[in-house]
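Trainee: I'd like to ask you about the structure that follows.
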Amino acid sequence: MDDSLRAGVAIYNAGAYRAAHGAWEAKWLALERGGDDERFLHGLIQFTAAVHHARDGNDSGAVGLARSAREYLDGLADDYRGVDLAEVRAFLSRLEADPTIADDPLALRLDGQVVTYDDLDFDAVAVAAETLAEELDGYEVDVVADAVEYAREEVADGAQTQFTAMVFDFVRNEAQRRLVFQRLSEHVRRRRRREDDVSDLFE
């Protein structure tokens, strides 16, 4: 869960409040209902949704989600899995009373640090890249998934070069993400063509 947790926290802290849940959802759905980890992820997902709705002007939705998120997180340790839940619960209480506080949203802390994209290692960046491609408009999920797989091969070979750098850049370079994705797409398609050419030789 660590890579998914870190990736989701960084996505949230980057301001992609709605997208953050994507890093946690598959892990959450696989957990036994009512367990601490399940309540934790369920609460975080609803917390990010509450912030998203409040910023989008859906005050009643934000208030309901804030209340529900607080209930899921109630009883968990204040630093559950390194996340400052005491701070999250306090923010949710304030959000219930006044949704406009989401105009200045809480930064999520993990192990005392506000985690950003720059703090993610390769495995967490891989989760973030696939999550952003799936949750944001205008990106092809299969292209990013292939790029991540090619990058994993590079990492395994000890040669973190072309695809590794582009996957990191896709996540970290928010201002140029669309341009990075175009370059990434070209390289993925070129790599796919090479692989198809080689496989055709043996048919």
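Trainee: Check residue 87 against each of (1) touching a strand residue (DSSP E or B) at 6+ places or on another chain (Cβ under 9 Å); (2) part of a loop (DSSP other than H, G, I, E, B) and name the one condition it does not meet.
Mentor: (2)
Trainee: Also, I was wondering about something else. Yes or no: region 9-18 includes at least one residue that is in contact with a helix residue (DSSP H, G or I) (Cβ under 6 Å, 6 or more places away or on another chain), part of a helix (DSSP H, G or I) and among the small types (Gly, Ala, Ser).
Mentor: yes
Trainee: Now, a different point. With the requirement that a residue be outside any loop (DSSP other than H, G, I, E, B) and surrounded by fewer than 18 Cβ atoms within 10 Å (Cβ to Cβ), what does region 136-145 give you?
Mentor: 141, 142, 145
Trainee: If only one of 104, 111 is within 26 Å of residue 3 (Cβ to Cβ) and acidic (Asp, Glu), which one is it?
Mentor: Step by step, each of 104, 111 is checked, and only 111 is within 26 Å of residue 3 (Cβ to Cβ) and acidic (Asp, Glu).
Trainee: Of the residues 67, 94, 89, 81, which single one is within 22 Å of residue 124 (Cα to Cα), basic (Lys, Arg) and surrounded by fewer than 20 Cβ atoms within 10 Å (Cβ to Cβ)?
Mentor: Exactly one of 67, 94, 89, 81 is within 22 Å of residue 124 (Cα to Cα), basic (Lys, Arg) and surrounded by fewer than 20 Cβ atoms within 10 Å (Cβ to Cβ), namely 81.
Trainee: Could you look through region 146-161, keep only residues that are hydrophobic (A, V, I, L, M, F, W, C) and more than 18 Å from the chain's Cα centre (by Cα), and pick out the one that is least open to solvent (accessible area, probe 1.4 Å)?
Mentor: So the residue we want is 151.
Trainee: Right, next: Taking region 1-31 as the search range and keeping residues that are without any contact (Cβ under 8 Å) to a residue 60 or more places away in the chain and among the aromatic types (Phe, Trp, Tyr), which one is farthest from residue 141 (Cα to Cα)?
Mentor: Among them, the one singled out is 28.
Trainee: Taking the residues in region 19-41 that are in a helix (DSSP H, G or I) and open to solvent by less than 20 Å² (accessible area, probe 1.4 Å) as candidates, determine which candidate is farthest from residue 88 (Cα to Cα).
Mentor: Of everything passing the filter in region 19-41, 23 is farthest from residue 88 (Cα to Cα).
Trainee: While we're on this one: So, of the residues in region 115-135 that are closer than 11 Å to residue 170 by Cβ and not β-branched (Val, Ile, Thr), which turns out to be most open to solvent (accessible area, probe 1.4 Å)?
Mentor: 130
Trainee: Could you tell me which residue of region 90-126 is nearest to residue 145 (Cα to Cα), considering only residues that are part of a loop (DSSP other than H, G, I, E, B) and among the acidic types (Asp, Glu)?
Mentor: In this case the residue turns out to be 121.
Trainee: In addition: Evaluate region 48-66: report whether one residue or more is within 16 Å of the chain's Cα centre (by Cα), within 27 Å of residue 174 (Cβ to Cβ) and of a type outside the set (A, V, I, L, M).
Mentor: For region 48-66, residues within 16 Å of the chain's Cα centre (by Cα), within 27 Å of residue 174 (Cβ to Cβ) and of a type outside the set (A, V, I, L, M): present.
The values are calculated or read from the model by the stated rules, or taken from the named source; none is laboratory data. For clarity, every value in this text was computed on a predicted model and none was experimentally measured. Glycine gets a Cβ as well: all are built from the backbone with ideal geometry, and neighbour counts include every protein chain shown. What goes into the accessible areas is simple: the full protein's heavy atoms, side chains included, and nothing from ligands, DNA or RNA. Shrake-Rupley method; radii C 1.70, N 1.55, O 1.52, S 1.80 Å.
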